[in-house]
Amino acid sequence: MRGLSVDHTDCVALIYDTEGNHLGNTLVTRHDRTALRIEVQKLPPALNIGDGCQVLVQTSPSPCEYHGRVKKEGAGFFIALFQGHERECRESERYNIRTTATIENLICNGHAYPLHTPLEVTVVNISRSGVRFSAVKNTFSVGDTFQMRMRFSDGDKILIADVVNHFDCDEETTEYGCRFLVAVKR
C-alpha cells in the first residue's frame, strides 16, 4: 500500500462502517507501518473489537483510504489495515460527510487573497483526491483556486483546492467538485 510509506501519526482519521456510514472522527496516535496498523485515540461507540471499517486518514497532500479491522491491545485500540485496498485518485471512494467549512482565501498566481467575509459552505463528500461542497449559486467557476478550512471534532484542517466541475442543485445552490492541490496539517 503506497500510502503506508507516509507517517499518519497526529493526522485526523474519519471512521466509517463497511457500508460507508460516517461513525465519527479520531486522531491517529501512532502509525506502525511495518505491522500495517494505526493506533487511534478513541473509537466511535458503534464500533466493537473485530468489526470491519473504512478509514479516511487526512494526510498531505490528499487523504488516504483504507479498509481495516478494529483490534485492542492493552488499554488502546488500533485498526489493522488490509493490504491492497488503498484507492487511487480518480477512482477514489467518496465518503459522505455533512460538515461545514470556510473558504478563507482565493489563490491567484500562487498568492493568497483573503476574503473580507469568509464564505461558509457545506461539505457534501470527501475522497482521497478532492471534496464536493455546496454554496450559493454561481460563487465559483471551473479553475478557481481557494483555501478551505474544514472543521473536524478534534481540530481544523486547511486545504487548497481548485474547482473542476459544478452543477446547480436548485435555484439558489450549486455543488462544486474540487481536487486537492495542497493539504496543510493542522
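The values are calculated or read from the model by the stated rules, or taken from the named source; none is laboratory data. These numbers were taken from a predicted model, which means no experiment stands behind them. Cβ atoms come from the backbone with ideal geometry, glycine included; neighbour counts cover every protein chain shown.
Residue check: is Asn125 under 29 Å from His8 (Cβ atoms) and outside the structural domain of Thr26 (by TED's automatic domain parsing)?
When the stated conditions are applied, Asn125 passes them.
The residues in segment 85-120 that are in a loop (DSSP other than H, G, I, E, B) and either modelled with pLDDT of 90 or more or of a type outside the set (Ser, Thr, Tyr) (or both) can be counted, and the count is 11. Out of curiosity, is Val70 modelled with pLDDT of 85 or more, outside the structural domain of Thr139 (by TED's automatic domain parsing), surrounded by 19 or more Cβ atoms within 10 Å (Cβ to Cβ) and closer than 20 Å to Val131 by Cβ? In short, no. Within segment 140-163, residues that are touching a residue at least 60 places away in the same chain (Cβ under 8 Å) sit with their Cβ atoms under 9 Å from residues that are loosely packed, with under 13 Cβ neighbours inside 10 Å and outside any strand (DSSP E or B), at 6+ positions apart or across chains, in these pairs: Lys157/Lys185. Summed over segment 162-186, the residues that are within 25 Å of Asn109 (Cα to Cα), surrounded by fewer than 16 Cβ atoms within 10 Å (Cβ to Cβ) and at pLDDT below 85 give a count of 4.
Flag: Phe82 does not match the condition of being over 19 Å from the mean Cα position of the chain (by Cα), within 21 Å of Phe152 (Cβ to Cβ) and modelled with pLDDT under 90.
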